[in-house]
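Here's the structure we're looking at; comments come further down.
The values are calculated or read from the model by the stated rules, or taken from the named source; none is laboratory data. For clarity, every value in this text was computed on a predicted model and none was experimentally measured. In this analysis, Cβ positions are derived from the backbone assuming ideal geometry, glycine residues included, and neighbour counts consider all displayed protein chains.
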C-alpha cells in the first residue's frame with residue numbers, strides 16, 4: 001500500500017460511514033508521518049481504521065471495503081475496521097498524530113500514529129511481523145531506540161510488562177544493523 005492508496009481508503013471510509021475523521025493504526029499509519037517510506041513498510045494490503053467520533057461504525061467499513069470485498073478485488077488493498085482498543089498506545093498519543101487530508105481524501109481527515117507510537121504499539125503486540133517491522137524502523141533511522149525506551153513509562157501496561165518491553169526494544173536495537 002502507498003500513500004495514495006491510504007488516501008483512497010480514507011475517502012471510501014467516509015463514503016461508507018458518512019463520518020469526517022478517522023484514526024489509522026497498524027503498520028500503514030506510517031504513511032502519515034512518512035508519506036513515501038521504504039518498500040519494507042508498504043508490504044501490507046490493509047489499513048486498520050475506525051471513525052474517530054463513531055468507532056462503532058468500524059464494522060460498516062469492514063463490510064463495505066474490507067478483505068474480500070469488491071473494493072479489495074478492484075484495488076488490491078482494503079480497510080480493516082478495528083476498535084480503538086485494538087492497539088495499545090502511549091498516553092497522549094492523540095496529541096502526536098499526523099493529519100492526512102487533501103483532495104484525494106475528499107478533504108476528509110485521517111489521523112496516523114506518530115512513528116514512535118506506532119513502534120511501541122507494535123512492540124507490545126510482539127508478533128514476528130511486528131518485530132521485523134520495528135527492527136526495520138530502527139535500521140532505517142525512523143525510530144531512536146533510546147527515545148522509545150524513554151516512552152515506555154507512558155504505556156498503559158504494568159511495571160513488569162514495561163520492564164519486558166524495554167528489554168525487547170534493547171534486544172531489537174542490538175539486532176538492527
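Restricting to region 67-91, count the residues that are part of a loop (DSSP other than H, G, I, E, B) and in contact with a helix residue (DSSP H, G or I) (Cβ under 7 Å, 6 or more places away or on another chain).
Taking region 67-91 and keeping what is part of a loop (DSSP other than H, G, I, E, B), we get 67-69, 76-77, 82-83, 87-91.
Right, trim to in contact with a helix residue (DSSP H, G or I) (Cβ under 7 Å, 6 or more places away or on another chain) and you get 77, 82-83, 87-91.
Number of matching residues: 8.
For region 42-57, the condition holds for at least one residue, the condition being that it is touching a strand residue (DSSP E or B) at 6+ places or on another chain (Cβ under 6 Å), part of a helix (DSSP H, G or I) and farther than 18 Å from residue 114 by Cβ. Does residue 115 meet the test of being within 26 Å of residue 6 (Cβ to Cβ), at pLDDT 95 or above and out of contact with any helix residue (DSSP H, G or I) (no Cβ under 6 Å at 6 or more places or on another chain)? Judged against the criteria, residue 115 is a match. Within region 19-75, the set of residues being on the phi > 0 side of the Ramachandran plot and surrounded by 15 or more Cβ atoms within 10 Å (Cβ to Cβ) comprises just one member, 26.
Filtering region 101-119 to residues that are under 16 Å from residue 150 (Cα atoms) and touching a residue at least 40 places away in the same chain (Cβ under 8 Å) leaves 114, 115, 118.
Listed by position, the helices (runs of 4 or more DSSP H) contained in region 112-177 that have at least 2 residues being under 16 Å from residue 88 (Cα atoms) and over 13 Å from the mean Cα position of the chain (by Cα) are 145-151, 159-175.
Taken as a whole, the condition of being modelled with pLDDT of 95 or more, closer than 30 Å to residue 15 by Cβ and not assigned by TED's automatic domain parsing to the domain that holds residue 85 applies to residue 133. Taking region 59-100 as the range and being touching a strand residue (DSSP E or B) at 6+ places or on another chain (Cβ under 7 Å), under 20 Å from residue 33 (Cβ atoms) and without any contact (Cβ under 8 Å) to a residue 12 or more places away in the chain as the test, no residue passes.
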